1. Restricting to the range 21-32, name every residue that is in a helix (DSSP H, G or I) and under 20 Å from the mean Cα position of the chain (by Cα).
2. What number goes with the only condition from (1) more than 19 Å from the chain's Cα centre (by Cα); (2) in contact (Cβ under 8 Å) with a residue 24 or more places away in the chain that G100 does not pass?
3. Count, please, the residues in the range 229-258 that happen to be under 17 Å from E156 (Cβ atoms) and surrounded by fewer than 17 Cβ atoms within 10 Å (Cβ to Cβ).
4. Do we have W161 as without any contact (Cβ under 8 Å) to a residue 12 or more places away in the chain, out of contact with any strand residue (DSSP E or B) (no Cβ under 7 Å at 6 or more places or on another chain), in the same structural domain as L226 (by TED's automatic domain parsing) and within 23 Å of T254 (Cα to Cα) here?
5. List the residue pairs whose Cβ atoms are under 6 Å apart, where the first residue sits in the range 250-272 and is modelled with pLDDT of 90 or more, the second is of a type in the set (F, W, Y) and surrounded by 15 or more Cβ atoms within 10 Å (Cβ to Cβ), and the two are 6 or more positions apart or on different chains.
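The values are calculated or read from the model by the stated rules, or taken from the named source; none is laboratory data. All values derive from a computational prediction rather than experimental measurement. Cβ atoms come from the backbone with ideal geometry, glycine included; neighbour counts cover every protein chain shown.
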Amino acid sequence: MFEALAINAAILIALVLVQWAISVRIDDVSFIDAFWGAGMGVLAITSWLQVERPGALATLLMVMTAAWGFRLGGYLFRRWRREGEDKRYKMILKKDREKGNFAVAALVKVWLMQAVLLFLVSSPAQVGILATTPGTAPGWLTWLGVAIYAIGIFFEWVGDWQLARFKADPANEGAVLDTGLWRYTRHPNYFGDFAAWWGIWLVCASVGWGYAAATVIGPLFLSFTLTKWSGVTLLEKGMDRSKGDKYADYKRRTSAFLPLPPKSDTRAGAKG
């Protein structure tokens with residue numbers, strides 16, 4: 001298994017270096033967000049290909065991870081092509097650009113750091129796939145994981161679709177999306193990520209609790225990232241500034257993360 005994980009790490013670093021070179025050439029690292037999901041899908045596939053006789057559980061984990069990762073990667077790549085450089089990366093690399101140190105900073109602060117985190121978060125999929133044997137049959141824990149994963153996929157995919165439609169309508173400029181899944185959580189897509197990866201981890205646990213214990217840092221770190229670090233916290237600071245009272249009213253009645261009924265049936269409407 002360690003040899004297979006080392007091969008995965010080498011493939012990941014090679015892909016990162018190629019994309020880093022592209023990012024230096026175009027002076028924009030923002031497309032790394034698309035690689036976050038797609039890279040996990042790639043690692044799931046490379047893990048599966050290294051198993052001599054992948055069984056049902058290995059194939060299930062590979063399909064779950066690849067479906068989540070490539071859909072997210074495609075969505076974020078299209079968003080980057082449409083909206084251009086992300087403000088977060090502009091801020092992170094602003095001083096390095098001014099000092100003419102963009103290339104090194106982009107490699108160390110963005111690409112290599114995210115490569116490490118990507119490898120860590122996707123560890124339940126990689127280890128689960130590599131640890132399965134053809135005779136390992138899905139059990140109740142497997143199907144519990146699949147059910148939680150399916151809930152996550154629904155919230156993420158539908159939430160992203162609803163947000164894309166909302167942003168595409170010029171009439172919604174400056175408004176707050178508070179309909180559909182966005183009525184029950186301010187971040188259905190982040191909740192979807194959260195549920196999808198805890199579901200994948202439970203499928204890994206059905207292979208063996210030792211493997212689950214060794215990889216629980218993956219979904220734990222992702223949960224921290226989504227709720228406390230670069231997810232909800234960072235995004236809402238920007239929304240507070242740009243949307244003002246409209247967003248403050250939305251926050252008062254809508255759950256921050258877990259889907260819950262709104263605190264009041266009286267809503268301001270999609271246009272605030």
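1. Initially, the range 21-32 is screened for residues in a helix (DSSP H, G or I), giving 21-26, 32.
Scanning the range 21-32 gives a single hit, I32.
2. (2)
3. Restricting attention to the range 229-258, the residues satisfying the condition of being under 17 Å from E156 (Cβ atoms) are 230-232, 235, 255-258.
This time we only want the ones that are surrounded by fewer than 17 Cβ atoms within 10 Å (Cβ to Cβ), so: 230, 235, 256, 258.
Final tally of qualifying residues: 4.
4. Working: without any contact (Cβ under 8 Å) to a residue 12 or more places away in the chain: yes; out of contact with any strand residue (DSSP E or B) (no Cβ under 7 Å at 6 or more places or on another chain): yes; in the same structural domain as L226 (by TED's automatic domain parsing): yes; within 23 Å of T254 (Cα to Cα): yes.
Criteria met by W161.
5. Every condition considered, the pairs that remain are F257/F191; P259/Y184.
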